[in-house]
Amino acid sequence: MSAKSAINKDVFTPHDERMLAAVQVKRRTKKKIPFLATGGQGDYMTFICLSVTNKKPSHISITKVKQFQGSSAFVKRSQWTIDQLQQVNGIDPNRDCPEFDLMFDNAFDQWVAGSAGEKCTFVQILHHSCQRYSSARKPEFVNCQSKLLGGNSILHSAADSVTSAVQKASQALNERGERLGRAEERTADMMNSAEQFSVTAHKLAMKHKC
């Protein structure tokens, strides 16, 4: 099971939620830790997750999930509603890059994703979810490539792929059907010819008997 599947199963499913997207991240700048904060749990992996409730009306949340070294468990650390998200900064509108910032009412984080592709997928799904589910103010998306804000291009691409596959399969079935139809026609012609030959042979046999 992948890490994202495990997060969905362990963190969101028990709360009647489903995960829409997740991206593994690291901080671009080290977070200042108070002098008295000691006893850390060592290295960890961080995921920023987007989830929606199964019950209507739907509620979207952005959750920070961590997995500490040596543990298979995923721990929910922070969570915000979509209405608390003020701004998504894509850093560079002219090229794919893994960096992005999230600004909430009470928090601001600077992240770098595992890859530019992971970041782009997450930002696109986040933008679509904000347009679909946000009932109050919608967050500002700045310095983001236009392809990320153009709606459901990922979903459209997947739909196009499925449509193309269906069309190809349909064409193949049609061609197969045509071949079968021609074969059936040839079989029918052969049966007719055989029947005519049988009738002719029978007539000839009766003629010779007479």
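Please treat every number below as a calculation from the coordinates, not as lab data. Quick caveat, the model's predicted, so the values are computed rather than measured. When we count neighbours, we look across all protein chains shown, and the Cβ atoms used for this are built from the backbone with ideal geometry, even at glycine.
Just list whichever of LYS26/LYS56; LYS9/LYS55; LYS64/LYS147; LYS76/LYS119; LYS30/LYS55; LYS4/LYS147 have alpha carbons separated by over 29 Å in the model shown. All intermediate terms of the calculation are to be shown ahead of the outcome.
Numbers: LYS26/LYS56 33 Å; LYS9/LYS55 17 Å; LYS64/LYS147 26 Å; LYS76/LYS119 20 Å; LYS30/LYS55 38 Å; LYS4/LYS147 24 Å.
The answer is LYS26/LYS56; LYS30/LYS55.
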Cβ-defined net charge surrounding GLN87, 12 Å radius [Lys, Arg +1; Asp, Glu -1]: -2
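Round to the nearest 0.05 the FRET efficiency obtained for THR29 and LYS147 when R0 = 22 Å and r is the Cβ-Cβ distance.
Working: r = 27 Å, r/R0 = 1.25.
In this case the efficiency is close to 0.20.
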Please report the net charge: other residues with Cβ closer than 15 Å to the Cβ of GLU140, K and R +1, D and E -1. -1
Calculated from backbone phi, Karplus (6.51, -1.76, 1.60) coupling profile of the stretch 20-28 in Hz, x at Gly/Pro: 8, 6, 8, 9, 7, 9, 9, 6, 7
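Just in the stretch 51-138: which trypsin sites (Lys or Arg not before Pro) are loop by DSSP and have at most 12 other Cβ atoms within 10 Å? Present the calculation step by step, with values, prior to reporting the outcome.
Details: sites: LYS55, LYS64, LYS66, LYS76, ARG77, ARG95, LYS119, ARG132, ARG137; in loops: LYS55, ARG95, ARG137.
Those that pass, being in a loop and sparsely packed, are LYS55, ARG95, ARG137.
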